[in-house]
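Student: This is the structure, below, for whatever I ask next.
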Amino acid sequence: MSHAVFTVSVSGLDNEGLHDALAAQFVIQKENARRLKADEPLLPFEPFDALKASYVSFLSSIVQQAHESYIAEQAIQQAQDDELSLRWLEASESERSAALTSLPEATEH
C-alpha cells in the first residue's frame, strides 16, 4: 500500500536509569507480553543496546502503521468526495437547486 518507508532514530537513550530508558523498557516489556500471548517472536531486551534497537524498531513500525492508516483514511475520503461529485454531475438542475436550498445559511467568520 505505502511506498514511503519511515525510520526512527533515538538519541539520548544511553543511560539505563533515566526516564527515557525506563520508558523504552516499559514499552518493550508491554510489547513482549502481547507477543507472548500471540505466540510471536519476542523483541530482544538485553543487553541494553539490544533494548535500544528493539525500541527503535517498535517505534518505526508504529510510525509506518500510522502512515498506512492515513493512506486508508484519505482513500475513503476521496471515494466519498468522488461519489458526491458524481451525484452532483448526474443530478438535474432542479435537484441541484433543491440541494443548495436545503443547506444551512453560511456564517461569516
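Student: What residue, of 31, 46, is closer than 30 Å to residue 74 by Cα and either surrounded by 11 or more Cβ atoms within 10 Å (Cβ to Cβ) or of a type outside the set (Lys, Arg) (or both)?
Tutor: 31
Student: Give the residue, chosen from 66, 50, that is part of a helix (DSSP H, G or I) and over 19 Å from the mean Cα position of the chain (by Cα).
Tutor: Checking each option against the conditions leaves just 50.
Student: For the range 1-28: of the residues being under 30 Å from residue 74 (Cβ atoms) and either touching an Asp or Glu at 6+ places or on another chain (Cβ under 6 Å) or of a type in the set (A, V, I, L, M, F, W, C) (or both), which is modelled with the highest pLDDT?
Tutor: Filtering the range 1-28 for residues that are under 30 Å from residue 74 (Cβ atoms) and either touching an Asp or Glu at 6+ places or on another chain (Cβ under 6 Å) or of a type in the set (A, V, I, L, M, F, W, C) (or both), the one modelled with the highest pLDDT comes out as 27.
Student: Which numbered condition in (1) loosely packed, with under 13 Cβ neighbours inside 10 Å; (2) part of a loop (DSSP other than H, G, I, E, B); (3) in contact with a Leu (Cβ under 9 Å, 6 or more places away or on another chain) is the only one that residue 36 fails?
Tutor: (2)
Student: Of the numbered conditions (1) among the hydroxyl-bearing types (Ser, Thr, Tyr); (2) assigned to a helix (DSSP H, G or I); (3) more than 16 Å from the chain's Cα centre (by Cα), residue 107 fails exactly one; give the number of that condition.
Tutor: Only one criterion in (1) among the hydroxyl-bearing types (Ser, Thr, Tyr); (2) assigned to a helix (DSSP H, G or I); (3) more than 16 Å from the chain's Cα centre (by Cα) is unmet by residue 107, namely (2).
Student: Give the range 82-109 a look and list any residue that's of a type outside the set (Asp, Glu) and either loosely packed, with under 10 Cβ neighbours inside 10 Å or touching an Asp or Glu at 6+ places or on another chain (Cβ under 8 Å) (or both), or say none.
Tutor: Listed by number, the residues that qualify are 89, 92, 94, 100, 101, 102, 103, 104, 106, 107, 109.
Student: Consider residue 59 carefully, then state whether it is in contact with an Asp or Glu (Cβ under 6 Å, 6 or more places away or on another chain), in contact (Cβ under 8 Å) with a residue 40 or more places away in the chain and either surrounded by 12 or more Cβ atoms within 10 Å (Cβ to Cβ) or among the acidic types (Asp, Glu) (or both).
Tutor: no
The values are calculated or read from the model by the stated rules, or taken from the named source; none is laboratory data. Note that the structure is predicted; figures quoted are calculated from it, not measured. When we count neighbours, we look across all protein chains shown, and the Cβ atoms used for this are built from the backbone with ideal geometry, even at glycine.
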